[in-house]
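Here's the structure, in structure tokens; my notes come after.
The values are calculated or read from the model by the stated rules, or taken from the named source; none is laboratory data. Only a predicted model underlies this, so the values are computations on that prediction, with no experimental measurement involved. With ideal geometry, Cβ positions are generated from the backbone for all residues, glycine too; neighbour counts draw on all protein chains shown. Note: accessible area is taken over every heavy atom of the protein model, side chains too, but ligands, DNA and RNA are not part of it. Shrake-Rupley method; radii C 1.70, N 1.55, O 1.52, S 1.80 Å.
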Amino acid sequence: MGSVKVAVFAYHDIGYECLRVLIDSKEETVAVVTHEDDPKEEIWFQSVAKLSRQHHLPVYAPSSPNTPGFIDLIRKLAPDLILSFYYRRILSRELLAIPRLGAINLHGSLLPKYRGRSPVNWVLVNGESETGVTLHYMVEKADAGDIIAQRRVLIDREDTALSLFRKMTVAAAKLLKETYPLIKAGTAPRTPQDSQLASTFGGRRPEDGKITWESPAFSIYNLIRAVTHPYPGAFTFHNGRKLYIWAATLNGQANFAEERSETPGTIEAVKRGRGMVVSTGDGSLLVTRAQFEGAEELSAD
């Protein structure tokens, strides 16, 4: 089977590892479309642009891929296939119509659940026990096209957004490697999504990390691990100062239940070498790592 011409829209670790799969398969990549790094964002992931340049691939980073000029550029490159891996812009109908083999996206959830932004963070916020990655055909509505293949990823109780994202990056590369021959041959399966089962979530903002101590301990624990490093962090206030909670455990819930105050958010005890026990709306939470805004991160005790 001969090679096909591919235009890759990619960013982040999943974009990097999936592009490596295509490079290893020696496909003719006619364009790699990525993003300029945002100086306001903590860049903890690998660079798609750097990998592309190392392999002498043409790199583009338009502020929008949907301008008439950029669409004309892609049309002239005449890719047989568009592949999108954690690219952050929705592609227009005009772009999606260009490749004869279609446009395919890799999404970080088991579609149709968790359509939209920040699925890795949302599954942790909601206390899910599994998630996954999905390859699907792209349509105008985000994450709504026919499913090609999925790979499940189990979520451990101790997973943070970072550790879960690492698992999903491995799963994404494996899924692409397994499925790409079918995509290339134009014989990949198409399973329509059941919109009745769909759930959609928006992007998360730093202010969404505010802790509501009236919530159950398990919900607060899930929020903390969903937005801890390298994300902006869960936070509360102590004597008027903003306090980030970077790590906590549920181990204190049973051990210290008898000490819990009826007022959620009260520091009930300090356990030397372990952390501080904080009451919640249901149970207690052992906070282990904390940081006042502008100060050093420390053990919570």
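What is the local net charge at residue 85, summed over the other residues whose Cβ is closer than 10 Å to its Cβ (Lys, Arg +1; Asp, Glu -1)? Numbers along the way, then the final one.
Numbers: positive: none; negative: 13, 17.
It works out to a net charge of -2.
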Exercise for the section: Count charges around residue 67 for me, please; just the other residues with Cβ under 15 Å from its Cβ, Lys/Arg as +1, Asp/Glu as -1. Expected result: +2
Problem - For the range 157-211: rounded, prolate or oblate by the Cα gyration tensor [a/c cutoff 1.5] - result: oblate
Handout entry: Computed Rg/Rh of the chain, alpha carbon atoms with Kirkwood Rh
Key = 1.05
Fill in the blank from the handout: Where a ≥ b ≥ c are root eigenvalues of the Cα gyration tensor, a/c under 1.5 meaning rounded, otherwise prolate if a/b exceeds b/c and oblate otherwise, the range 1-73 counts as oblate
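Where a ≥ b ≥ c are the square roots of the eigenvalues of the C-alpha gyration tensor, would you call the range 45-116 rounded, which needs a/c under 1.5, or, failing that, prolate if a/b is larger than b/c, or oblate?
On the way: a/c = 1.69, a/b = 1.13, b/c = 1.50.
Judged from the Cα gyration tensor, the range 45-116 comes out oblate (a/c at least 1.5, b/c at or above a/b).
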Problem - Selection from 235, 172, 160, by position along the positive dipole direction of the chain (Cβ) - result: 172
Handout entry: Inter-centroid distance (Cα atoms) of the range 156-190 relative to the range 1-27, Å
Key = 13 Å
Exercise for the section: Whenever you get a sec, line up 167, 26 from highest to lowest accessible area (probe 1.4 Å, protein heavy atoms). Expected result: 26, 167
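So what is the 222 nm mean residue ellipticity for the chain from helices alone, if each DSSP H run of at least 4 adds -39500 (n - 2.57) and you divide by all residues, rounding to the nearest 500 deg cm²/dmol?
Values: 8 runs with 81 residues, N = 301.
When only DSSP H runs of four or more count, the value is -8000 deg cm²/dmol.
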Practice task
Calculate, axis by axis, the spread of Cα positions in the range 75-117 along the three principal axes, and write the results as whole Å, longest axis first.
Solution key: 35, 17, 15
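Just tell me, in residue order, which DSSP H segments of the chain are both 15 angstrom or longer along the helix axis (alpha-carbon based) and at least 0.0 in mean Kyte-Doolittle hydropathy. Each step should come with its number before you reach the end.
On the way: long enough: 12-24 (18 Å, 0.26); 161-185 (35 Å, 0.51); 217-227 (16 Å, 1.21).
In the chain, the long hydrophobic H runs are 12-24, 161-185, 217-227.
In debye, nearest 20, what is the charge dipole magnitude of the range 32-173 about its Cα centre with +1 on Lys and Arg Cβ and -1 on Asp and Glu Cβ, if you could check? Spell out each step's value before the answer.
Numbers: 18 positive and 16 negative charges, 56 e Å.
Here the range 32-173 has a charge dipole of around 280 debye.
What is the diffusion coefficient of the range 1-141 in µm²/s, taking the Kirkwood radius over Cα pairs and the Stokes-Einstein relation at 20 °C with a viscosity of 1.002 mPa s? Before the final figure, lay out the partial values.
Details: Rh = 15.8 Å.
It diffuses with D of about 136 µm²/s by this estimate.
Leaving out ligands and nucleic acids, note down the accessible area per residue over the range 24-166 with a 1.4 angstrom probe, in whole Å². Before the final figure, lay out each step's value.
Numbers: 6920 Å² over 143 residues.
Heavy-atom SASA per residue in the range 24-166 reads 48 Å².
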Exercise for the section: Express the carbon and sulfur contribution to the solvent-accessible surface of the chain as a percent, rounded to the nearest whole number, probe 1.4 angstrom. Expected result: 49 percent
Exercise for the section: Please report, in debye to the nearest 20, how large the charge dipole of the chain is about its Cα centre when each Lys and Arg carries +1 at its beta carbon and each Asp and Glu carries -1 there. Expected result: 840 debye
